[in-house]
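Engineer: Please read through the structure below; I'll follow up with questions.
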Amino acid sequence: MKEPVLEEMENAGGYGNGFHGIDGKDDFDPSAPPPFKIAEIRAAIPKHCWVKNPWMSLSYALRDVFAVIALVAAAIYFDSWIFFPLYWAAQGTMFWAIFVLGHDCGHGSFSDNPELNNLVGHVLHSAILVPYHGWRISHRTHHQNHGNVENDESWVPLTEKLYKSLGYSTRLLRFTVPFPLFAYPFYLWSRSPGKQGSHFNPYSKLFSPNERKDVITSTLCWSVMAALLICLSYAISPIQMLKLYGVPHLIFVMWLDLVTYLHHHGYEQKLPWYRGKEWSYLRGGLTTVDRDYGMFNNIHHDIGTHVIHHLFPQIPHYHLVEATKAAKPVLGKYYREPKRSGPFPIHLIKNLVRSIAEDHYVNDNGDIVYYQTDPELYKSSLSKSD
């Protein structure tokens, strides 16, 4: 009788999908417990990388807000359909950059002052229609349970039973590009399939009773921003608001779904997900993937340098690159060097499309599982279109 892990690996597409190391050899098992402890990684990172400079963090926030305001001013001044596509791409990217800084506030890596973190976080996230505390709390759950099939919160694998319980149209939308890139607003309202709750509801299962006041505050801030956008739509016309805010917000959502998905999916070889006694904070974090976004690395605050961020979310974004470089000798093959990008990270489109087409569900049982493919999903789509 085969060992469960080996059987799971064969079901996932053969040994080559799971046991290839970064140098292409078959002798590295990414699911094996690492020969180092998280304390060793921590010790390798220079002490100054842990220092949070609120003035530096605020300078990044002011830089991004200034860029947003300047782009709006330019769009109003030029008011041309030739200029607007450039504006949409640039402004959507800046909305994403603002989200990342609000994300840092939620982690407490923006500063050591909780009041400052919450103030800046609310301003930045509310401006792009994200409920700051509601999302902060669920994202904390994601970090505390990364790589855990049952308890993770972000892009969690569907079990085979749950996958097969979904309607055909739901499955097809979830696993056909570009539809998954528009998932974030739906996730905020109702979470992922198989999970209940809303980021806006203080009585959601996402939150404990002592967090309800925070969630109410964030929902009110979100509502004020939504009301402001509606008022502006009446003042300057809905079409103008769609051009200035609506389309950039859609680009921002696409950035968010693309980046967060590729942090945990789409590596060249399949990576494990864990349950039960096999899961640990360290093993789950080591399934995270770093990505190179070319010219966007600095714009979106090195969020692609994600492995060390997942293990140590307290490290400010402006120290992540240095911290990662220091930690790599300890991580060894458990660190997967990102493929270098040109100015635009076009190479990542292939990773995204392949992963969404192949990574559909994991087994209902087993403490170490890998994504499997439903071979009938797209065949059914083709037969229905004929």
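Engineer: Considering region 35-92 alone, what residues qualify as being of a type in the set (S, T, N, Q) and either touching a residue at least 12 places away in the same chain (Cβ under 8 Å) or surrounded by 15 or more Cβ atoms within 10 Å (Cβ to Cβ) (or both)?
Structural biologist: 53, 57, 91
Engineer: What are the pairs with Cβ atoms under 8 angstrom where one residue, in region 158-173, is part of a loop (DSSP other than H, G, I, E, B) and the other, located anywhere, is of a type outside the set (Val, Ile, Thr) and buried (at least 17 other Cβ atoms within 10 Å of the Cβ)? Sequence gap at least six, or different chains.
Structural biologist: Sorted first by the residue in region 158-173, then by its partner, the pairs are 158/360; 158/361; 166/158; 166/174.
Engineer: Regarding residue 210, is this residue at pLDDT 95 or above and in a loop (DSSP other than H, G, I, E, B)?
Structural biologist: no
Engineer: Of everything in region 194-226, what is of a type outside the set (Gly, Ala, Ser), more than 30 Å from residue 364 (Cβ to Cβ) and touching a residue at least 40 places away in the same chain (Cβ under 8 Å)? Give them in sequence order.
Structural biologist: Correct list: 200, 211, 214, 215, 217, 219, 221, 222, 224, 225.
Engineer: If only one of 352, 271 is in contact (Cβ under 8 Å) with a residue 12 or more places away in the chain and in contact with a helix residue (DSSP H, G or I) (Cβ under 7 Å, 6 or more places away or on another chain), which one is it?
Structural biologist: 352
Engineer: With (1) in contact with a Gly (Cβ under 6 Å, 6 or more places away or on another chain); (2) of a type outside the set (Gly, Ala, Ser); (3) within 30 Å of residue 76 (Cα to Cα) as the list, and residue 245 as the residue in question, which single condition is left unmet?
Structural biologist: (1)
Engineer: While we're here: In region 43-101, what count of residues is obtained for those that are within 26 Å of the chain's Cα centre (by Cα), among the basic types (Lys, Arg) and in a helix (DSSP H, G or I)?
Structural biologist: Within region 43-101, residues that are within 26 Å of the chain's Cα centre (by Cα), among the basic types (Lys, Arg) and in a helix (DSSP H, G or I) number 1.
Engineer: Shifting gears a bit: Quick one: how many residues across region 97-118 are over 15 Å from residue 135 (Cα atoms) and either at pLDDT below 95 or among the hydrophobic types (A, V, I, L, M, F, W, C) (or both)?
Structural biologist: Looking only at that region, the number is 3.
The values are calculated or read from the model by the stated rules, or taken from the named source; none is laboratory data. Just so it is clear, the structure is predicted and the values come from calculations on it, not from any experiment. Counting neighbours? That spans all protein chains shown, and the Cβs are built from the backbone with ideal geometry, glycine included.
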